[in-house]
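The structure appears below as structure tokens.
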Amino acid sequence: MERLSSKRGWEIVEEEWPDCKGRCFKNRPKSLVEMLSGAVRKYPDREGFIGDDERLTFAQFDRITNGIAAGLRRTGVGPGDRVSLLLGISIDFMLCFFAVMKLGAIAVPLNTRFKGEELAYEINDSGSKLVIVGQEYWEQFSPALSRLKTVEKIFFNGADCPPGATLFKELREHPAEGSIAATQQETDTTAIMYTSGTTGKPKGAILHHRGMIASAMHASDFFQLQAGDKMICSVPLFHITGLAVAALSAIFSGIPCVYLRTFKVTSFLEIVAAEKVTAFIGVINILWLMVNHADFGNYDFSSFRCAGVGGSPATEEMVNGIRTKLPRLNVSVGYGLTESHGFETSTPYEDTVRMISAVGKLVPLLDAKIVDEGGVELPVGGVGEIMLRSIMTTKGYWRNDEATKATIVDGWLRTGDIGKLDEEGFVYLLDRKKDMINRGGEKIYCLEVENVIMNCPKVLEVAVVGVPDRVLGELVKACVALKPGQSAEEEEIRDYCIAELADYKVPKFVEFVESLPRNPAGKVVKGDLRYVPEKR
């Protein structure tokens, strides 16, 4: 199968570990701590971390992480212990993450939108010994306090420390006791990242050094990050894209990363221009909102050169509109998931518009196949479940052998995504299994309907979902946000669909909304849209 090759010509070899064998980059760091040390050794005085009115060089960052690690060690944190992080997109998150890495402990990044019951579940399920909480999240965290079973200490990152917690400032200012680096293997666990469950509780994907580093290297290689580049991280760090693909690729590349704590279009515009950002990895909607903002023309974005987008459908109109407003920006559409460390495909810049319905080719270290419901591999062009195999596959789900066995089969990761492969090696993502609409036995891919509706010049963004129906089981509903100043009727949207789609795929319901609900990673929260709209 044709896949992407290393743009920098990095040598790829086959190696074997106790858990798997597969392709890897020959010259690679063997742990995240080694990766950071390499950046510190090469670029000690280069700015590497920017955010919240603070700027740290790689050497300063390393020194502070040593101090935090020493402080955590004094509280009893050691190899294998879990430390939960309820922190925003910030330098402090990265400091805590690397301090945990230096101790050989395991980070548990928590969703900053979660509240008491949700937070308590993930903290207890992971068996976290310690929690570090940002001041802005204390109100939603405090109801979880009485439910915590394994936590021995809580650090509060803020000014007025609540009862029962200790000021994080004590850790932040703890004197470094020399360099700290626990002995680590590539297969050792770095983090437990909880993935949203459509039914039941979230599952904790067990991530490792080998996978984190491979994703960081894939991003660095594809986007050719080098001196003079500057990344912006606006994707939450509890999300694999924010942590591994954006933040860690910047560290591997020895370039600065700007941490944008709260996303607002105006602040994004200001920071990208002021900091002369060159690289962005996230959802395309952020760029689309950016170029459609009324103040766009007031800023200089001439430094902005590359963007990797995924997690949300990209359209030809979006890509062309972005390129028109940002002619120096190269856009690549990609695909990734937590269980494979977040960077699985990417589209060569020259193919982005031509192959807009695809999500790119496989990265160098990855294999893929499409299987039917019985697990039989399908020929080129066949539609079925996407399965992946690589050294980046999760070790499994934390304390959930049943889910692990159901997801990893003979070394292949079942993604739960419906798609196909073509003769050129491009991967097409048609839908999530859970999002596919079943209308009286007819399977409808939401993405297919969304792509048609996005062709309407009045439409800014759209989400298609299935809503319950007594007779057919589900009916198609389209939630449409129009461009500023535009108006449309339901029939106008349906007409676009009638011209391009079979009748059963045409939305029964069209609801106009001001904006689509999104999670912190920028993905549409479709669960909030699965209701039948009232008649107007």
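The charge dipole of the chain, taken about the Cα centre with unit charges on the Cβ atoms of Lys, Arg (+1) and Asp, Glu (-1), comes to about 1000 debye, rounded to the nearest 20. Rounded to whole Å, the principal axis extents of the Cα atoms in segment 293-351 read 41, 21, 20, largest first. By the helix-only formula, in which each DSSP H run with n ≥ 4 contributes -39500 (n - 2.57) and the sum is divided by residues, the chain has a 222 nm mean residue ellipticity of -7000 deg cm²/dmol. Can you compute log10 of I(q)/I(0) for segment 131-286 with the Debye formula, treating each Cα as one identical point scatterer, at q = 0.19, 0.20 Å⁻¹? Evaluating at q = 0.19, 0.20 Å⁻¹ gives log10 I(q)/I(0) of -1.38, -1.37. Here the 3J(HN,Hα) profile of segment 416-429, calculated from phi with Karplus coefficients 6.51, -1.76 and 1.60 at θ = phi - 60°, is x, 9, 9, x, 7, 10, 10, 5, 7, x, 7, 9, 10, 9 Hz, Gly and Pro shown as x.
Which order, highest average first, do 325-331, 69-75, 3-9 follow once you tally other Cβ atoms within 10 Å for each residue and take the mean per peptide? All intermediate terms of the calculation are to be shown ahead of the outcome.
On the way: 325-331: 16.6, 69-75: 20.3, 3-9: 14.1.
Result, highest mean first: 69-75, 325-331, 3-9.
Computed from backbone phi, the HN-Hα couplings of segment 5-14 come to 10, 5, 5, 9, x, 4, 6, 10, 10, 9 Hz, rounded to whole numbers (Karplus: 6.51 cos²θ - 1.76 cosθ + 1.60, θ = phi - 60°; Gly and Pro given as x).
Considering only DSSP beta bridges with both partners in the chain, what is the antiparallel share in %, to the nearest 5?
Details: 52 of 87 bridges.
If I count the DSSP bridges inside the chain, around 60 percent turn out antiparallel.
How big is the C-alpha Rg of segment 441-529 next to the rule-of-thumb value 2.2 N^0.38 Å, as a ratio?
Numbers: Rg = 12.7 Å, N = 89, 2.2 N^0.38 = 12.1 Å.
With N residues counted in segment 441-529, Rg over 2.2 N^0.38 Å equals 1.05.
With a simple spin-label model that places each label point 7 Å from the Cα along the Cα-to-Cβ direction, the separation between Arg113 and Val525 comes to 0.4 nm.
Relative contact order, percent, of the chain when contacts are C-alpha pairs under 8 Å separated by at least 6 residues? With pairs under 8 Å counted, the relative contact order is 11 percent.
For segment 43-186, what is the charge dipole size about the Cα centre, in debye to the nearest 20, if Lys and Arg each add +1 at the Cβ and Asp and Glu each add -1 at the Cβ? Spell out each step's value before the answer.
Working: 15 positive and 20 negative charges, 83 e Å.
In debye, rounded to 20, segment 43-186 gives about 400.
Report, in degrees rounded to the nearest 10, the 0 to 90 angle that the Cα long axis of helix 32-42 makes with the longest principal axis of the chain. Helix 32-42 and the main axis of the chain meet at about 70 degrees. Cα convex hull, segment 109-171: 79 Å³ per residue, rounded to a whole number.
Based on alpha-carbon atoms only, what is the radius of gyration of the chain relative to the globular estimate 2.2 N^0.38 Å? Don't skip to the end; give the middle numbers.
Working: Rg = 22.9 Å, N = 536, 2.2 N^0.38 = 24.0 Å.
Compactness ratio reported: 0.96.
If a/c stays under 1.5 just call it rounded; otherwise compare a/b with b/c (prolate if a/b is bigger, oblate if not). Do that for segment 352-397, with a ≥ b ≥ c from the square roots of the Cα gyration tensor eigenvalues. It comes out oblate by the Cα gyration axes. Candidates Val506, Gly67, Leu362 compared by Cα position along the dipole of the chain: farthest toward the positive end lies Gly67, with charges placed on Cβ. Here segment 441-529 is assigned +1 on the Cβ of each Lys and Arg and -1 on the Cβ of each Asp and Glu. Its dipole about the Cα centre then comes out at about 320 debye. For Ala165, no residue 5 or more places off, or on another chain, has a built amide H under 5 Å of its own. Amide H contacts for Arg28 (H built 1.01 Å from N in the peptide plane; partners 5 or more residues away or on another chain; cut-off under 5 Å): none found. Evaluated over the Cα positions of segment 292-409, the convex hull gives a direction-averaged projected area, one quarter of its surface, of 10.0 nm². For segment 15-32 and segment 358-404, what is the centre-to-centre distance using only Cα atoms, to the nearest Å? Cα centres, segment 15-32 to segment 358-404: 19 Å. Ranked by the mean number of other Cβ atoms within 10 Å per residue, highest first, peptides 214-223, 290-299 order as 214-223, 290-299. Evaluating 6.51 cos²θ - 1.76 cosθ + 1.60 at θ = phi - 60° for every residue in segment 229-241, the Karplus couplings come out as 7, 8, 8, 10, 10, 10, 8, x, 7, 7, 9, 4, 5 Hz, glycine and proline recorded as x.
Find the percent of Cα-Cα distances in segment 75-179 that exceed 21 Å, and round it to a whole number. For segment 75-179, the share of Cα pairs beyond 21 Å comes to 27 percent. When only C-alpha pairs under 8 Å and at least 6 residues apart count, what is the relative contact order of segment 441-529, in percent? Computed over segment 441-529, the figure is 28 percent.
Where does the charge balance sit around Leu36 when Lys and Arg score +1, Asp and Glu -1, over other residues with C-beta under 12 Å from its C-beta? So the surrounding residues net to +2. Between the C-alpha center of segment 280-320 and that of segment 86-102 there is a gap of 28 Å.
Before anything else, pin down the relative contact order of segment 161-279: Cα pairs under 8 Å, at least 6 apart, normalised by residue count, whole percent.
Dividing the mean separation by the residue count of segment 161-279 yields 20 percent.
With respect to the chain, whose longest principal axis is taken over its alpha-carbon atoms, helix 316-325 is tilted by about 60°. Between Lys42 and Arg470, the FRET efficiency estimated from the beta carbon spacing at R0 = 60 angstrom works out to 0.40. The alpha carbons of segment 380-517 stretch over 51, 39, 28 Å along the principal axes, in descending order. From the alpha carbon centroid of segment 438-510 to that of segment 109-187 is 43 Å.
If a/c stays under 1.5 just call it rounded; otherwise compare a/b with b/c (prolate if a/b is bigger, oblate if not). Do that for segment 27-131, with a ≥ b ≥ c from the square roots of the Cα gyration tensor eigenvalues.
On the way: a/c = 2.15, a/b = 1.54, b/c = 1.39.
Prolate.
All of the numbers you see were taken from the coordinates with simple rules; none came from a lab. Predicted, not measured: the structure shown is a model, and the values here were computed from it. Please note: Cβ atoms are built from the backbone with ideal geometry, for glycine as well, and neighbour counts cover all protein chains shown.
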